[in-house]
1. E214: net charge of surrounding residues, Cβ under 15 Å, Lys/Arg +1, Asp/Glu -1, itself excluded?
2. What does DSSP give for the chain in terms of the percent of beta bridges that are antiparallel, rounded to the nearest 5?
3. If I stretch the segment between E192 and A462 completely, what's the gain in nm (0.36 nm per residue apart, minus their alpha carbon distance), one decimal?
4. Pairs of alpha-carbon atoms within less than 8 angstrom and 6+ residues apart define the contacts here; what relative contact order does region 175-464 have, in percent?
5. Take the Cα pairs of region 136-186, get the Kirkwood Rh, then feed it into Stokes-Einstein at 4 °C and 1.567 mPa s and tell me D in µm²/s.
6. Name the long-range amide H neighbours of V288: under 5 Å, sequence gap of 5 or more, or other chain; modelled H, no Pro or chain starts.
7. If each residue's Cβ is checked for other Cβ atoms within 10 Å, how do E371, E221 rank with the fewest at the top?
8. With angles folded into 0 to 90 degrees, how steeply does helix 176-186 sit against the dominant principal axis of the chain? Use alpha carbons for both and round to 10.
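FYI, it's all coordinate maths here, none of it is from the lab. Owing to the predicted nature of the structure, the values given are computational and were not obtained by experimental measurement. Quick reminder, even Gly has a Cβ in these numbers, built from the backbone with ideal geometry, and neighbours come from all protein chains shown.
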Amino acid sequence: MGLKAPPDQDVVVVGASGDLSARKLLPALYNLSAEGLLPRRGSIVGAAPVDMDDAAFVDFARDSVHKYSRTKPTATALDAFCKRLRFVRLDPKAALRDLRAALKRPRRVVYLAVPPSAFETLILQLGAADLGAGTSLIIEKPFGHDLASARKLNRTIHTVLPEQRIFRIDHYLGKETVQNLLIFRFGNSVFERIWNRDAIARVEITVAESLGVEHRGAFYEQTGAIRDIVQNHVFQVVAITAMEPPVSFDAEAISNEKVKVLRALQPLDPAAVVRGQYTAGTISGQPVAGYRSEPGVDPKSTTETYAAMRLRIDSWRWSGVPFFVRTGKRMAIRDTRIVITFREVPLHLFAGTGVSAVDSNRLVVRIQPDEGIAVTFVAKVPGPEVTIQPVNMNFTYGSAFKTSPPEAYERLLHDALDGDHTLFIREDEVERGWAVVQPVLDQPPPIVRYGAGSWGPKAADALVAPLHWHEPGEGDGL
Ligand SMILES: NC(=O)c1ccc[n+]([C@@H]2O[C@H](COP(=O)([O-])OP(=O)(O)OC[C@H]3O[C@@H](n4cnc5c(N)ncnc54)[C@H](OP(=O)(O)O)[C@@H]3O)[C@@H](O)[C@H]2O)c1
């Protein structure tokens with residue numbers, strides 16, 4: 001990664017016995033430890049209101065690393081990692097006093113990997129336990145439930161900690177492919193010149209998951225696709241795709257440009273939004289249940305598992321260029337991509353040669369899986385006839401760098417320990433994101449159904465008509 005070990009400090013994971021801790025945080029901390037990217041001195045303190053001690057937490061962490069680590073753990077590296085582990089059982093009545101007693105260093109990062117309903121109480125308890133000084137806070141999504149609650153949460157946090165010590169996570173920003181978008185745009189002279197309304201006809205962003213709500217039905221019922229994906233991940237991707245060049249590559253300069261895009265992003269018109277919910281269907285040949293039959297879900301639920309919309313960015317660069325977004329669970333495949341379609345050539349020179357139309361150039365940024373970038377252009381098919389066919393130039397991380405990108409959480413944890421805010425979300429970004437979706441939260445359009453394993457409801461096609469949604473496989477280099 002080209003990174004260095006952050007300054008000495010402890011890492012506290014509140015909610016250490018949970019799903020996020022097991023699947024992402026402990027394996028990420030292990031990999032940072034194995035690469036020498038944790039502070040040279042400092043403990044990793046797990047905290048949760050569960051009956052665990054240090055030894056049980058070590059077993060839990062070993063198991064998590066074996067199951068979910070990006071790299072195959074070695075005995076030496078895992079032993080060294082486990083030596084750092086401590087556990088504090090949180091007694092809700094003791095208001096984090098036990099945690100305070102366990103922390104020996106003047107500096108620490110506290111990761112709130114707890115249900116969002118616990119955020120405010122725990123933050124106030126941090127302040128009351130006199131842990132404000134020396135603490136940086138990593139806070140998980142969802143940050144608030146709507147604009148009013150996000151503002152309230154920001155106000156509460158600021159009674160305990162200043163903005164410079166708050167790290168709001170959006171794990172999409174930890175993904176190499178999302179970071180690479182900045183390098184792609186601002187490190188290459190050919191693309192930035194055509195990155196505007198003069199050359200670009202439309203932008204399409206797809207965040208498709210083939211998974212359903214798994215065991216998180218009760219959580220998802222309160223959330224839905226707009227809160228879970230659009231307000232945070234999608235808007236961050238939109239902001240990085242559409243932002244102006246920052247004056248430098250530091251966190252403040254990048255956030256300033258991102259927030260300008262979010263301000264230019266017009267509040268959603270409910271009439272330009274389609275909300276869908278999956279019914280039973282088939283994925284990879286396996287029958288799967290409909291959303292309303294999932295555990296923890298109301299059989300009459302109106303929570304959306306799919307959303308599609310047309311975004312409008314009223315800025316000098318983007319005026320008139322539609323940004324189409326769709327995201328859903330139980331879609332045909334897992335696939336996150338940005339598709340930039342360029343304008344057609346001004347004159348069809350080949351009209352008299354039997355070629356009816358020339359496809360527009362297209363640039364596809366594959367965020368996951370098969371991370372990479374493809375450019376589509378047309379070429380003449382060899383032979384006496386003038387026959388034109390789209391072809392691809394394709395870059396894939398796997399073959400170019402002979403490695404798979406590191407886990408987003410590794411980079412994000414490292415940067416928070418190092419005090420670097422570049423890949424985190426500032427308070428004004430999160431509030432503006434909520435302001436944009438608020439009209440749809442206030443007046444949600446009715447739910448339409450789509451079969452699990454499809455590409456979402458038919459109603460979403462009308463949003464992009466007379467064109468169609470980009471099909472995976474269409475000019476994506478795969
Ligand atoms: N899981 C993911 O993939 C994922 C992805 C993105 C974001 N997130 C976010 O990450 C956070 C944690 O999610 P999760 O899936 O890990 O949830 P989880 O499996 O329910 O785990 C939550 C953890 O917090 C503890 N906890 C619950 N209430 C608490 C309280 N009042 N004070 C202190 N600790 C408390 C739980 O202890 P008990 O076991 O005793 O309940 C458990 O250790 C949530 O904000 C979620 O939205 C999760």
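1. Result for the neighbourhood of E214: +1.
2. Taking every DSSP beta bridge within the chain, about 55 percent pair in antiparallel fashion.
3. Length gained, E192 through A462: 94.1 nm.
4. Taking the mean separation of contacting Cα pairs over the length of region 175-464, I get 28 percent.
5. The calculation lands on 103 µm²/s.
6. G281, T282, I283
7. E221, E371
8. Computed tilt is about 60 degrees.
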